[in-house]
Amino acid sequence: MNETKEAVGQADQFEQAEVIQVVATPQSTARVHREHRTTIGECRVDNPRMRCTDVNVFYDDKQAINNVSLDIGENEIIAMIGPSGCGKSTFLRCLNRMNDTIDGCRVIGEILMGEENINDPRIDVVPLRASVGMVFQKPNPFPKSIWENVAFGPKIHGLYDHKSELEEIIVTSLQRAGLWDEVKDRLDQPGTGLSGGQQQRLCIARTIAVEPEVILMDEPCSALDPISTAKVEELMMELEEQFSICIVTHSMQQAARVSRRTAYFHLGDLIEVGETEQIFRNPQHQLTEDYITGRFG
Amino acid sequence: MQGSTLVITLLALATLAYYAGRSRAFAVAQGKLRNLHSLPIYYGLYTAIWCAAPGLLIAAVWLMLEPTLITKMVLGGLPDNIRQLDKSRLTLVLNDIRNLVHGHAPSADADPALLKAAEHYKSLTATSHAILTIVVLSIAAALGWLALTRIKPHQRARNTVETLLVAFLKICSSIAIVTTIGIVLSVLFESIRFFEAVPVTDFLFGLKWSPQTAIRADQVGSSGAFGMVPVMAGTLLITFIAMLVAVPVGLLSAIYLSEYASPKFRAAAKPLLEILAGVPTVVYGFFAALTVAPFIRDAGQALGLDVASESALAAGLVMGIMIIPFVSSLSDDVINAVPQAMRDGAYALGATQSETIRKVIFPSALPGIIAGVLLAVSRAIGETMIVVMAAGLAANLTANPLEAVTTVTVQIVTLLTGDQEFDSPKTLAAFALGLVLFIITLILNVIALHVVRKYREQYE
Ligand SMILES: Nc1ncnc2c1ncn2[C@@H]1O[C@H](COP(=O)(O)OP(=O)(O)O)[C@@H](O)[C@H]1O
Ligand SMILES: [Mg+2]
């Protein structure tokens, strides 16, 4: 039991007492053996925003994702956890077709958004990416002014008719990203001049400026200090009211703090998915348990 | 002994010293390497350096000063009537003597006084060389011996050798700097001499360039006018045409190659661009003169235009083609230096590929591209061979690309090739032109490098 505590503490310096309670199970509760590799738990939800069915991803001949089926619910935060290289980012990139930009990457399977299979090659990715936005691990504001960074999306998608509308979009996006008070006096200065945490919130503002339905976040806090991380997490929980958020994170504490559901990936398989509390308190699969108790990962 | 024989002897001595030092180190260590501060080879090197370096230094300085001193002494020995001659005549006499010494001139019909002086010169040189040989070899032997006897187990030979090596490397790296300074100074001094004859303002702002001055008083016509404006204007016109070709083609091909082209196409196109960059400029030159210029003239005639056979257009076009690979590879570098994260950010917002390029990649890469273009401009301005072959000689002040113009580099070449006297304004003007050229390209390069550095910092 002690060992478990320590291991989780090491896994993330951002230790919180509440989380340790979640994982401090007296006895193993896992009921599914390590070798078993089909998804445990309910991968479907009512009224999903996105519904993935049997998604497989290949990099050239190497398979990175095996038969993953998963729903992204409405207004929920779903966390994807798992050891590095297990395919979390790859899966995330399927959801807005960012895998198209990688040479040799093939995605097979059905990803429904409404009635539409967005994995159909005939689909136009421009509106898709407007409705499924993405925030990256390393903050990547464009080397332009803060204003231009946020205006980028609305401009390329023609989301306004008058300059005043654009201004409103920019102000509300920055406000929703919790950045407005910090930058309102220097909107004309380069976005690259902000601190790391501010840059990441600028990237979030840039993403919500095009009014997406889903926001994908690939380890959005791993380049940030604890205080900026806390701010981004707070922001995510506010955004949950309007958007669905898929967050990849290597911090189990973060997953436990912010997400409603959690999906555990292992070597390209979706091992287990369920309510976050249940996953952390009562994992069903041996691999999930090993990972969240810090026995490997 | 000849200089080269002396150096070889010295090096042989140093090799000897090296082995002596090494075995001496073994000896003082009583066969146990652990007793030594440094490895034996360092003791060997230490001895060798002491043996050879001071001798080489002395020989270098000696041989540098020798001609001046000997000339002075020979002059002193000349009969009074020759010594009283004015400076330029005296230089001629000295040249005659040197020719006699080196056997370039037949000695039979020479002035006996000069013959005597030549003999004097020869004997002085022989004595000097003999003294030098003795001095250098004895110093080498003495210092080598001294170093050898001073080898002790605790002596820090390694540290000494390392320090000396660093000093040697420093000297090597300063050679480039010193040479540059030397070239600049020589150009500067010759230019100052030129500006003594022709006022700076006349040179910089004069609108007429015709450097053929009258050599004899009875020659007619050529009065000599050294206004560089038409020449500079020609250079700028041709450079401008070249940039009109090179910048769009180079830049767009870089964008295509780095953003759109399949790896296969890139693998084929890049080497081809490099071949284009490797074509000697003289080949571009005759391509311009023999193919492009007649083609443009014929095309112009077909359109009813009057095109000079050495039009600025032909030279500019070909120069532009020459510079395409330069612009393309520099732009390619800066475009590739734009982090993938920028592209990802734009794609994830739903930008298309061309939007990403126009709105994110190009603006991010712009400072670097500007720097590349500035470097290309400075290359075009300094380019010589193409314009020598394809541009004209007449200094027309015109903005019409169909007329013949001349450039700074062409004028420098024509002023300095062939038999020239190196003290007339006509030849000195070449140095002044060179100075202007140097200053312009220097400024362009400094700006470009500064921009590139700033640009690097942005993504460090
Ligand atoms: N661009 C790529 N080309 C080839 N293989 C890749 C590429 N990106 C990821 N992979 C492979 O796919 C697997 C999953 O990677 P990834 O999705 O980045 O994992 P995670 O985000 O969970 O750490 C890894 O084995 C990785 O080596
Ligand atoms: Mg990843």
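Every read-out reported here was derived from the displayed coordinates using simple, explicitly stated rules and does not represent laboratory data. Note that the structure is a prediction, hence the values are computed from the model and not measured. Cβ: placed from backbone, ideal geometry, glycine included. Neighbour counts: every protein chain shown.
Summary of values
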read-out: Ordering of A:81-91, B:38-48 by packing [mean C-beta count within 10 Å, highest first]; value: B:38-48, A:81-91
read-out: FRET E, pair A:V126, B:F295, Förster distance 35 Å, beta-carbon r, rounded to 0.05; value: 0.15
read-out: Beta bridge orientation in the protein assembly as shown: antiparallel %, DSSP, nearest 5; value: 60 percent
read-out: Spacing of the two label points (7 Å from each Cα toward its C-beta) at A:Q189 and A:R260, in nm; value: 3.8 nm
read-out: For the range B:377-387, 3J(HN,Hα) per residue [Karplus equation, 6.51 cos²θ - 1.76 cosθ + 1.60, θ = phi - 60°, Hz, x = Gly/Pro]; value: 4, 5, 5, 5, 5, x, 4, 10, 4, 4, 6
read-out: Dipole of chain B, positive direction: furthest Cα of B:T441, B:A341, B:G182, with charges on the beta-carbon; value: B:A341
read-out: Charge dipole (debye, nearest 20) of the protein assembly as shown; +1 at Cβ of Lys and Arg, -1 at Cβ of Asp and Glu; value: 3640 debye
read-out: Computed over the range B:3-155: relative contact order in percent, which uses C-alpha pairs under 8 Å that are six or more apart; value: 38 percent
read-out: Chain lengthening between B:I175 and B:K116 when straightened (0.36 nm per residue, less Cα-Cα); value: 17.2 nm
read-out: Nearby lysines by direct alpha-carbon distance to B:K208 (threshold 26 angstrom, same-chain neighbours under 8 apart not counted); value: B:K426
read-out: Around A:P141: net Lys/Arg minus Asp/Glu count, Cβ-Cβ under 11 Å; value: +3
read-out: Within the range B:162-271, trypsin sites (Lys or Arg not before Pro) in DSSP loop having at most 12 other beta-carbon neighbours inside 10 Å; value: B:R216
read-out: Contact order relative to length of chain A, as percent, for alpha carbon pairs under 8 angstrom and 6 or more apart; value: 31 percent
read-out: Positive minus negative residues near B:V93 (Lys, Arg vs Asp, Glu; Cβ under 12 Å); value: +1
read-out: Distant-in-sequence amide H partners of A:F265 (H built 1.01 Å from N, under 5 Å); value: A:I81, A:G82, A:I271
read-out: Positive-end residue, chain B charge dipole about Cα centroid, Cβ charges, pick of B:F195, B:L366, B:L207; value: B:L366
read-out: Long-range HN-HN contacts of A:M134 with modeled amide H, under 5 Å; value: A:L216
read-out: Given charges at beta-carbon only (K, R positive; D, E negative), |dipole| of the range B:3-155 in Debye; value: 1020 debye
read-out: Neighbour net charge for A:I169 - beta-carbon separation under 12 angstrom, K R +1, D E -1; value: -1
read-out: Rel. contact order, % - alpha carbon contacts under 8 angstrom, at least six apart, chain B; value: 16 percent
read-out: Karplus (6.51, -1.76, 1.60) ³J(HN,Hα), θ = phi - 60°, over the range A:59-64, in Hz, Gly and Pro reported as x; value: 9, 6, 9, 8, 7, 9
read-out: Candidates A:T207, A:T53, A:T249: whichever shows maximal mean-square fluctuation once chain A is modelled as a Gaussian network with Cα springs under 10 Å; value: A:T53
read-out: Chain B: C-alpha gyration tensor shape, a/c 1.5 cut-off, then a/b vs b/c; value: oblate
read-out: Amide H partners (placed H, <5 Å) of A:V248, local residues excluded; value: A:M80, A:M217, A:D218, A:E219
read-out: Debye, to nearest 20: dipole size of chain B, +1 on Lys, Arg Cβ, -1 on Asp, Glu Cβ; value: 2320 debye
read-out: Filter on B:K32/B:K152; A:K155/B:K359; A:K62/B:K264 - keep pairs with C-alpha separation over 18 Å; value: A:K62/B:K264
read-out: Exercise: per-residue mean of other protein chain Cβ atoms within 10 Å, A:93-103; value: 2
read-out: Cβ-based charge dipole, the protein assembly as shown, positive-most Cα from B:L124, A:L95, B:P325; value: B:L124
read-out: Anisotropy class of the protein assembly as shown from Cα gyration tensor, a/c 1.5 cut; value: oblate
read-out: Chain A: C-alpha gyration tensor shape, a/c 1.5 cut-off, then a/b vs b/c; value: oblate
read-out: Helix-only mean residue ellipticity at 222 nm for chain B, each DSSP H run of n ≥ 4 adding -39500 (n - 2.57), per residue, nearest 500; value: -25000 deg cm²/dmol
read-out: J(HN,Hα) series, the range B:48-55, from Karplus relation 6.51 cos²θ - 1.76 cosθ + 1.60, nearest Hz, glycine and proline x; value: 4, 5, 4, 5, 8, 4, x, x
read-out: For the range A:160-297, radius of gyration divided by Kirkwood radius, i.e. Rg to Rh on alpha-carbons; value: 1.06
read-out: Label-point separation in nm, A:H162 to A:E110, each point 7 Å along Cα→Cβ; value: 4.6 nm
read-out: Sequence-distant lysines (8 or more away, or on other chains) whose Cα lies within less than 17 Å of B:K122; value: B:K72
